[in-house]
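The values are calculated or read from the model by the stated rules, or taken from the named source; none is laboratory data. In this text, all values refer to a predicted model and were calculated from it rather than measured experimentally. Glycine gets a Cβ as well: all are built from the backbone with ideal geometry, and neighbour counts include every protein chain shown. Ligands, DNA and RNA are stripped out before the accessible areas are found, and what is left, the full protein with its side chains, is counted by its heavy atoms. Shrake-Rupley method; radii C 1.70, N 1.55, O 1.52, S 1.80 Å.
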Amino acid sequence: RTCDQLRCTACDFRVSLFNDYTWDQSCDYLFFRNNMPELSKLRAKMIKKKGARAYACQCSWRSIDELTDLQKDQQLRWVCGKH
């Protein structure tokens, strides 16, 4: 399970998550900066993968396909946005 209210303290943007997708390796900072949170634009770099989950804010993104503790990733500035 994961928090569905993640917020990035770096860009102050809500973290979006997409079940059964990963991000294409060509994704970069400008792609997310210019296209978040418009799903229609993000789909251009989304790859369907059963059991995976794609996360993104305006400044960071991750593709997760196995149990991972995101809190151990020192580059991420994602925190629970409270429920």
List the number of the failed condition for F31; all other conditions in (1) touching a Lys or Arg at 6+ places or on another chain (Cβ under 9 Å); (2) closer than 18 Å to L6 by Cα hold.
(2)
Index of the failed condition, R53 passing every other in (1) outside any loop (DSSP other than H, G, I, E, B); (2) basic (K, R); (3) more than 13 Å from the chain's Cα centre (by Cα)
(3)
The condition from (1) more than 23 Å from G81 (Cα to Cα); (2) in contact with a strand residue (DSSP E or B) (Cβ under 7 Å, 6 or more places away or on another chain) that F32 misses is numbered (1)
Filter the stretch 37-49 for residues that are in a strand (DSSP E or B) and surrounded by fewer than 18 Cβ atoms within 10 Å (Cβ to Cβ) and give the result.
I47, K48, K49
What are the pairs, 6+ residues apart or on separate chains, where a residue within the stretch 50-75 that is exposed (fewer than 12 other Cβ atoms within 10 Å of the Cβ) has its Cβ under 8 Å from a residue that is not small (G, A, S)?
K50/D20; G51/D20; G51/D65
Residues of the stretch 1-31 being of a type in the set (F, W, Y) and either open to solvent by 60 Å² or more (accessible area, probe 1.4 Å) or not in a loop (DSSP other than H, G, I, E, B) (or both), which ones?
F18, Y21, W23, Y29, F31
